[in-house]
Each structure stands twice: as structure tokens, then as C-alpha cells.
């Protein structure tokens, strides 16, 4: 095998902590790894993150790729940065200039840390209100609107020097299953996909520097393999039909949709053979080594052509050179301006439904909310009961009723004392039949707007629970701000 090419250059790994241990650094050097994916567990204070990334750049080399998910809404990792509105909040106001400014502000925050690859924006068309993992992460149920707003967001990021990775090709919007836990299927023809799911990806293919794959089977195109492992979808559609020459990155191979069926080693080989340039191989050092060893063997014995690996490495080199990993701190004034921009976006997305108006501040209130909402391993933990209670600090008479699990709430057990009932929903998962008897006077849908399909009555759709979102809700409740967003399709 050529000494100029090492399969480790095609593998992105994760690390367990907030610093890089000596054995981890040795592993990265041994295998010529050039890419690391960061998660919330890796991110301490801003200074700690900069120290970690300085370590990583020294170990990974000048063509390092350091990535994470900083979409906005609930899917963010660096929570100390200005937190962007969810895609659907930007979709609710429909302002492409605001979307572009938001993408630029997100990039400035990441650039200040030295992160050069953001796995955003989401191009999934959320045309399925029961989708368990996309929902407010999607800009719209209209594919052309997704392309318009996501394209603007991406251009803002690229202008500020941070690479985007649009996802999840060829589309995760019309699924009932979360691919973190099982293997979804979307039984549509290519013609049907071209009319909906594929449209944003095709529209932005000439601009997007990288694409992340979906662990979803499209049986009318490939009856056996999910997109991540499918030559028909990656090489056939992206590469050959569309002529895409950007980087193709897999979603995490540790997700059950892939790991439980093919395992790390076989999935790594299949993904590269299908047309992916880089695999996301999270897990223990032993699991990462399994994927690396599989690629070494496949290139050594010719099952994977050397030309395939060198071309993939060239694409990754181009990405890293165009968007280098270097720490470029922002100024306090810029950080403050970006915080204000995020608040503006959250406020612009607030959406009233069924005539929702805030109660008078002297009205006796009962606020019903779940005490804690743990992470679903995709999004950050949801807002706490205390976060919800703080929204009503300007009201004179408030009883906050926290419950351990809102889906087990029996509405008939609430005191019948004439208080105005405000229900706060604060998770992504739908409530379905569990909410059939709930009758709030006002519903604050802080996370998934489709909760309003389960719960009768007036609602305010917020699309997220970042500080800017909560500040916008409080301003609306206190009468100092209006809500003018347009609800997503299915709630109009």
C-alpha cells in the first residue's frame, strides 16, 4: 500500500473526556487520525474547550477536522455559546436574511473555539408529524422552503469559515423510527423521493461542502442496505447522477440501525465501498480499532481499491484546507451582538395557535410542567420545572405543579379551584392518547410543536428552550412582545 495513504485518514472518532489522555493521543497518532467528533461530555468551560482543541490540533495535524452538532434548538453541544433558534423557529418567520445571519453567528462561536466542521443544517423535510427525532430540527414540510432557508443558513456559516455538513441524506423526515435505536424504512420510489426528500439536497449540492448520510433503508432503491452503506444511493445518486464532489460523511456507525446488523468492521468497509469518504466511528478504543483494522485489511487485500481511498482522502484534504481548524476568538461586542441576534430569531419564531393570548398578570395561575426532561442522546436535556416557573416571575399569583412524568398526568386529579391552567410541554416525544383528557387554558409547547396535535386548546409554539427562547416566551406572557410566526404544516 502507498505510504502516502493511511485509512485512518478516513475515520472520525470521539474521545471520552474534556482532555486528551496520553494513550488517546498515542492512538490518534498511531492511526494517522485527522478527525474528531466532540459531544457535550467533552465540553467544559470555554477556556477548557480551547485547551482541548489546541491539544487536538497539535496531535491531529494541520489538516485536522474537528466537528460537532451545533444545529440550534435542542441539538447543540457548546451550550455556553449564543444558542441559535431551531430550524423550525426560523421556518416560522420565513426570513432568509435572518437564517443567514444565524448561520454566520453560529459559525463565529465555533470558530472562536477552533472548531471547523459543523454537522448542520438539517435538510430533512419534516412531513411526518409523528417523527420521533426530527420535528423542530427541520425548517419546513415544504422541500423548497427547506432549501431556501437552510441554504441561507449554510451560506452564513461558510462565509465565516466553518464547514457545514447537510444531513441526513437522502432524508429522515418521513420516519416513525429513530435510527439511533432501530432501522427505519421509507418505502418510496425514486420519483417520489425526487419530489420531496431529495429536493433540498439536490438544490444545495453545488454549495454544500459535505453531506451526512442517513441510516435508513429505501427498499425501492436498495432493498437491503441503508443509505449509509448503499452504493445505489451514495455512488449512484450523489456521485454519478448529481456529480457531487464534496465530502460524504456517515452518521455514527455505533447507532443501532447499523451496529446491531453489520457491526463496526463490516459497516466501515461497506460505507467506504458505497461512496462515503469518512466514517464516524465512535465508541471505545477497541471499537474504533475494529473499524480501522477492517479498512486496513480491505485496502491491503484489494477489496477496497486504493484509488477509492486516495480520492476520499483528497476530498477531505480539500475540506480541511478550505476550512482550517484554528482558534479565532471573537470580541465581547461581537458575542453580545450574536446573543441579541439569537433572541431576535427566537422571538420572530413564536407562533400563536387557536387564538392563544397571554393571561392578565393578575390572573391566578396553575402551571403544570414536568420537573426534569433528560437528554434523549440527540438533544440536550429539556427545560426543568424551575425554568418553566421562571417564565411567570412577573405574575402575582402562581402555583407551579411539577410532575415526574407528564405523560402519566391524570387531568381529572388537578384541583378544581378556578385557577387558569397553563400546561408546559417540554420534551420532543409526542404524548398521543395520554393527553386525550388534558384541557389547559393555555399550552406552552416549548419543544415539539406537534404536541399541539395531542392537546386541545390555545397554544404558543416555541420550538425550543434555549435562554433566548425562554426570554421571548416571558416577554410574550408579560405583554411586551407579540407572536407572529406561522405554524408548521399540519397545524395550520
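Rule-based calculations on the coordinates, nothing more; no lab input. Note that the coordinates shown come from a computational prediction; the quantities given were computed from them, not determined experimentally. As a convention, Cβ positions derive from the backbone with ideal geometry for all residues, glycine included, and neighbour counts pool all protein chains shown.
For the chain, the longest principal axis of the alpha carbon atoms and the long axis of helix 285-300 meet at an angle near 40°.
How much of the DSSP beta bridge set in region 350-477 is antiparallel, as a percent to the nearest 5? So the antiparallel bridges in region 350-477 amount to around 15 percent.
Kirkwood analysis of region 179-320, using all unique Cα-Cα pairs, places the hydrodynamic radius at 15.4 Å. With contributions of -39500 (n - 2.57) from each DSSP H run of at least four residues, the per-residue ellipticity at 222 nm computed over the chain stands at -10500 deg cm²/dmol.
Size descriptors for region 356-472, from the alpha-carbon set: Rg then Dmax equal 13.2, 40 Å. Remark: relative contact order (region 350-477) = 30 percent; criterion is Cα-Cα distance under 8 angstrom and separation of 6 or more residues. Helix 143-159 against the longest principal axis of the chain: what's the angle in degrees, Cα atoms only, rounded to the nearest 10? It works out to around 70 degrees.
Of all DSSP beta bridges confined to the chain, the antiparallel ones make up roughly 10%.
Remark: C-alpha extents of region 291-408 on the principal axes read 74, 43, 28 Å, sorted largest to smallest.
State the Cα centre-to-centre distance between region 227-279 and region 50-125 in whole Å. Cα centroid to Cα centroid, the span is 23 Å. Listed by Cβ neighbour count within 10 Å, with the fewest neighbours leading, 24, 58, 192 appear as 58, 192, 24. Shape of region 69-187 from its Cα gyration tensor (a ≥ b ≥ c, root eigenvalues): rounded if a/c is under 1.5, otherwise prolate when a/b > b/c, or oblate? It comes out prolate by the Cα gyration axes. Using C-alpha pairs below 8 Å separated by at least 6 residues, the relative contact order for the chain is 17 percent. What does the C-alpha gyration tensor say about the overall shape of region 5-111? Classify as rounded when a/c is under 1.5, otherwise prolate if a/b is larger than b/c, or oblate. It comes out prolate by the Cα gyration axes. Normalised by the number of residues in region 315-424, the mean separation of alpha-carbon contacts (under 8 Å, six or more apart) gives a relative contact order of 30 percent.
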